[in-house]
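Below: one structure, written as structure tokens.
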Amino acid sequence: MTRDDVGIVVVSHSRALARAAIAHAEQMLHGRPVRIEEAAGLDDGTLGTDAVRVADAIVRADGGRGVVVLMDLGSAVLSAELALDLLDRPLRERVILCPAPLVEGLCVAAVAAGTGADRDGVATEALRALGAKQDHLSVPAGAPGPDADGDGGHGELGGRFEVTWPHGLHARPAAVLVQAVREFDADVQLRDVTVGGAPVPAGSLTRVAAMAAVEGHTVEVTAAGPQAREALARVLELAATGFGDLTATAVGGRHRPPPALVAGRG
Amino acid sequence: MGDVDVDGLVRWMTRFAELVAVHREELTTLDAAIGDADHGTNMDRGMSAVVAALDEAPASGADAGDGAGVGAGVGAVLKQVGMTLVRTVGGASGPLYGTFFLRMATSLGDGAASVPDEAFAKALRAGLAGVVARGKAEAGDKTMFDALAPAVDTVEAELARGSDLAAALAVGTVAAEAGRDATTPMHARKGRASYLGERSVGHQDPGATSAALLIAAAAAALPADSS
């Protein structure tokens with residue numbers, strides 16, 4: 001028996017838009033049976049939203065673990081709110097109206113739901129959905145980065161590391177970096193200077209992984225705050241081991257975290 | 001003195017539908033200036049559906065779906081009006097007017113075939129509170145609230161002074177129309193018009209316009225000797 005995933009409802013003025021967005025998101029599901037229901041348009045051609053249709057869609061999407069509702073704008077939001085009033089209380093409490101962007105949020109929500117995330121986890125991921133596009137298109141910060149080990153002049157410390165291991169700063173090493181950074185009372189930012197991208201917060205796994213710093217790139221690290229020095233030192237220390245990837249490679253491919261990481265945190 | 005009964009409500013809705021149909025182009029034009037040009041179309045579609053639903057209900061013996069059915073009280077009729085608008089209007093006016101009538105229905109309760117004037121005024125107040133809860137508008141945001149709120153305030157004040165409902169609604173209509181006119185110089189802070197910002201200034205709000213028609217329709221329809 002398959003475990004029921006969190007369900008998703010798409011509320012839009014346009015039925016065609018909702019169906020296309022759902023088809024697009026389903027491409028990322030690779031067959032996982034996430035329930036995504038549409039409540040869009042007054043009919044196939046007439047633009048508008050209908051709270052009763054939204055309520056019905058929520059009922060269909062619910063598998064007991066909750067429903068995340070995504071909306072376009074204006075009356076879609078009002079209709080979704082009114083739909084909650086039409087549901088019985090137990091179901092109403094399992095529903096969250098998520099103010100994520102519709103298309104981007106739906107893709108992310110579908111993937112998150114398909115991996116078994118709970119309702120709040122799906123909604124949180126959907127809210128971050130614009131991050132990749134914003135990072136990609138944003139203008140790099142004005143001033144050039146600080147010299148290695150120098151003070152950036154803004155109370156910041158900085159350093160750099162080379163990505164010398166295969167596959168670069170992908171999800172697994174990124175997770176190691178993020179966990180390490182979160183140990184410290186410091187604001188740590190990373191920037192792929194080879195690509196010239198905008199700084200990303202080192203505490204966000206989505207943002208660090210999205211930076212996609214590959215082998216051969218140089219990453220600049222800046223840190224500010226009470227434990228800036230310790231945080232920077234830790235990141236550079238871990239970078240020397242490829243956040244675990246270099247050590248695994250050095251011992252012939254069997255993945256094993258270096259001793260420093262094991263001692264680090266529970 | 002009088003009461004408001006089911007026949008009165010049906011007359012109100014019929015009159016409102018007529019006014020919306022007559023003013024459909026005007027409402028659409030106003031909405032084209034500061035919205036998405038569908039308020040007239042949406043309200044006409046919604047109120048046509050309301051009139052059709054109310055026409056059907058007395059003919060059916062039993063309860064017609066979520067319809068009023070024979071012997072339905074004033075609350076059930078207003079609930080039917082509200083749900084019909086929710087389903088058929090399409091734009092923001094659907095949930096907004098829908099909530100207005102649903103809250104009126106809750107205020108009046110299920111059973112009564114007619115209610116005293118004061119209960120009707122209380123229901124108008126509950127309906128207005130519903131619009132505020134749903135749309136989160138405040139005075140001066142350039143919305144239907146800017147016509148509805150002065151009307152409800154006035155009806156309450158007039159009844160408290162001893163006027164009957166017909167007179168109170170007549171004065172309420174004047175207040176609603178003044179409120180509608182006052183939206184013209186306002187800078188929109190809600191709805192599609194708010195995307196226009198400064199460019200919304202100088203245009204009468206379509207929602208306030210239809211709200212003034214709603215009150216005018218009540219004034220025309222609710223006195224018991226209206227035809």
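List of remarks:
- Pairwise Cα inverse-distance average, inverted: Kirkwood Rh of the protein assembly as shown (Å): 26.1
- Between A:Glu162 and A:Thr115, the modelled labels are 3.2 nm apart [label points 7 Å from Cα along Cα→Cβ].
- Residues with amide H under 5 Å from that of A:Ser14, placed H, sequence gap 5 or more: A:Gly41, A:Gly48
- Charge context of B:Asp181, other residues only, Cβ under 11 angstrom, K/R +1, D/E -1: -2
- Straight-line cross-link reach from B:Lys142 at under 21 Å between alpha-carbon atoms covers these lysines, not counting any fewer than eight positions away in the same chain: B:Lys190.
- Estimated distance in nm for a label pair at A:Glu215 and A:Gln134, the labels positioned 7 Å out from Cα along Cα-to-Cβ: 3.3
- FRET efficiency for the A:Leu127 to B:Ala21 pair, using the beta carbon distance and R₀ = 35 Å, is estimated at 0.20.
- Region B:111-189 shape via C-alpha gyration tensor axes, a/c threshold 1.5: oblate
- Between A:Asp4 and A:Ala23, the modelled labels are 2.9 nm apart [label points 7 Å from Cα along Cα→Cβ].
Read-outs: derived from the displayed coordinates by stated rules, not from any lab. Quantities reported herein were computed from a predicted structural model and do not represent experimental measurements. Virtual Cβ from ideal backbone geometry, glycine too; neighbours counted across all protein chains shown.
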